[in-house]
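The values are calculated or read from the model by the stated rules, or taken from the named source; none is laboratory data. All figures in this text were calculated on a predicted structure; none of them were measured in a lab. So basically every Cβ, Gly included, is an ideal-geometry build from the backbone, and we count neighbours across all protein chains shown.
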Amino acid sequence: MIIAEAGVNHNGSRELALKLVEAAADAGADVVKFQVFRAEALAAASAPKAGYQVQTTGSGQNQLEMLRRLELGEADFHAIRRHCRERGIRFLATPFDEQSLDDLVNTHEVEAIKLGSGEVTNAPLLLHAARTGRAVILSTGMSALKEVEEALGVLAYGYASGQEKPSQDAFGKTFHSAPGQDALRGKVTLLHCTTEYPAAYEDVNLKAMDTLRAAFGLPVGLSDHTPGIHVAVAAVARGAMVIEKHLTLDRTLPGPDHRASLEPGEFRQLVTAIRQVEAALGSGVKAPAPGELANVPIARRSLVAARDIRKGETFTAENLAVKRPGTGTSPMRYWEWLGRIAERDYKKDQPL
């Protein structure tokens, strides 16, 4: 599943958001994802910007003021949802507070909830998401494996309708229970992520996807913030089931995430490359591909007479050769023929 992360690259404009839906659909993405939040519920007035946000939006406002400029309203999301249906692309969103999550579930009837890396330790939001019964795609940037396990414990508790009072102990017990594990397997996908915009290649650590898969037995993917498309394509070759990548109409636009995003033409290249890698992955069964079969007799060899051989002669290393085409006796039987007596005449290069 390829997710075009529109995020806040609409810069607070419905018109720009609808154009991002268009671009995602035209690029062949399966899903276009936005962020749903109420700025006042997300950040305190004292919350500073991240370093990359200062670089991209300046230091003249705090995080809350920046978020206010990027907030979309309910009417905007109704328009976005409608446009997604018209363009045949799935709508997905990341909620940052419980009210926004409820709006997605009850008003927009989303089938899945995407939770960002910053929510790995946000137990109340994790629990609220699980209690909706919706599938959860959880990014795990900035997280150690133990923190991911603790987050999964909260989700398991919520899905399994834990009756015990919510607590870290109750979450841990549910995580290690059969019902909790069953619930997670049916509902949760984990995305490896490096929470930096753009992320340095040496910080990506794609092998951590293997660690997540082995530790939790859940589908894994990559939320990719690196420049270009090759890390995401490599992740697919490594078994990613989901790729999330930021999409912008123009990387030079003002805003926090544009610089770490792909422009529409690049996103089309990403989709094409991923689909080609998907096709190339195949079944894992080692057998000749249909396209190879016609080349078997051309490329392989057969046992042939190295020179004219008379009936009654002994086959030796001197009068046996291995040559194309591969329509005769396999050279794997070479040693069976040494020392045998020719039962008829053979011309040079005649197959045995």
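The table for this structure:
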{"read-out": "Odd one out for A50, checked against (1) at pLDDT below 95; (2) crowded, with 16+ Cβ neighbours inside 10 Å; (3) in contact with a Pro (Cβ under 9 Å, 6 or more places away or on another chain); (4) among the hydrophobic types (A, V, I, L, M, F, W, C)", "value": "(2)"}
{"read-out": "Single residue of A280, A287 found to be at pLDDT 95 or above, surrounded by fewer than 19 Cβ atoms within 10 Å (Cβ to Cβ), assigned to a helix (DSSP H, G or I) and of a type in the set (A, V, I, L, M)", "value": "A280"}
{"read-out": "Every residue from the range 134-143 that is among the hydrophobic types (A, V, I, L, M, F, W, C) and within 13 Å of L191 (Cα to Cα)", "value": "V136, I137, L138, M142"}
{"read-out": "Filtered residues of the range 335-350 (kept if surrounded by 15 or more Cβ atoms within 10 Å (Cβ to Cβ) and not in a loop (DSSP other than H, G, I, E, B))", "value": "W337, Y346"}
{"read-out": "Residues satisfying the stated conditions in the range 37-47, i.e. out of contact with any Asp or Glu (no Cβ under 8 Å at 6 or more places or on another chain) and either crowded, with 19+ Cβ neighbours inside 10 Å or outside the structural domain of T272 (by TED's automatic domain parsing) (or both)", "value": "A43"}
{"read-out": "Near pairs, Cβ below 9 angstrom, 6+ apart or cross-chain, from the range 17-42 (assigned to a loop (DSSP other than H, G, I, E, B)) to any residue that is among the acidic types (D, E)", "value": "F37/E71; F37/D97; R38/E71; R38/D97"}
{"read-out": "Pair list, Cβ under 7 Å, 6 or more apart: the range 146-160 residue without any contact (Cβ under 8 Å) to a residue 40 or more places away in the chain, other residue outside any helix (DSSP H, G or I)", "value": "E147/V120; E147/T121; A151/V120; A151/L138; L155/V136; L155/V188; Y157/P166"}
{"read-out": "Filtered residue count, the range 94-142, keeping only those that are closer than 19 Å to F216 by Cα, out of contact with any helix residue (DSSP H, G or I) (no Cβ under 7 Å at 6 or more places or on another chain) and small (G, A, S)", "value": "2"}
{"read-out": "Among residues of the range 290-327, those that are surrounded by 12 or more Cβ atoms within 10 Å (Cβ to Cβ), part of a loop (DSSP other than H, G, I, E, B) and among the small types (G, A, S), counted", "value": "2"}
{"read-out": "Sole residue being touching a Gly at 6+ places or on another chain (Cβ under 9 Å), under 23 Å from A280 (Cβ atoms) and not in a strand (DSSP E or B), chosen from A183, A240, A170, A232", "value": "A240"}
{"read-out": "From L67, L92, residue being surrounded by 19 or more Cβ atoms within 10 Å (Cβ to Cβ) and within 26 Å of the chain's Cα centre (by Cα)", "value": "L92"}
{"read-out": "Total residues in the range 234-260, condition within 16 Å of the chain's Cα centre (by Cα) and surrounded by 20 or more Cβ atoms within 10 Å (Cβ to Cβ)", "value": "9"}
{"read-out": "Selected residue [touching a helix residue (DSSP H, G or I) at 6+ places or on another chain (Cβ under 7 Å), over 24 Å from P198 (Cα atoms) and assigned by TED's automatic domain parsing to the domain that holds T132] from F34, F77, F91", "value": "F91"}
{"read-out": "Residue within the range 141-149 that is farther than 29 Å from N9 by Cα, among the hydrophobic types (A, V, I, L, M, F, W, C) and either at pLDDT 95 or above or not assigned by TED's automatic domain parsing to the domain that holds V31 (or both) present", "value": "yes"}
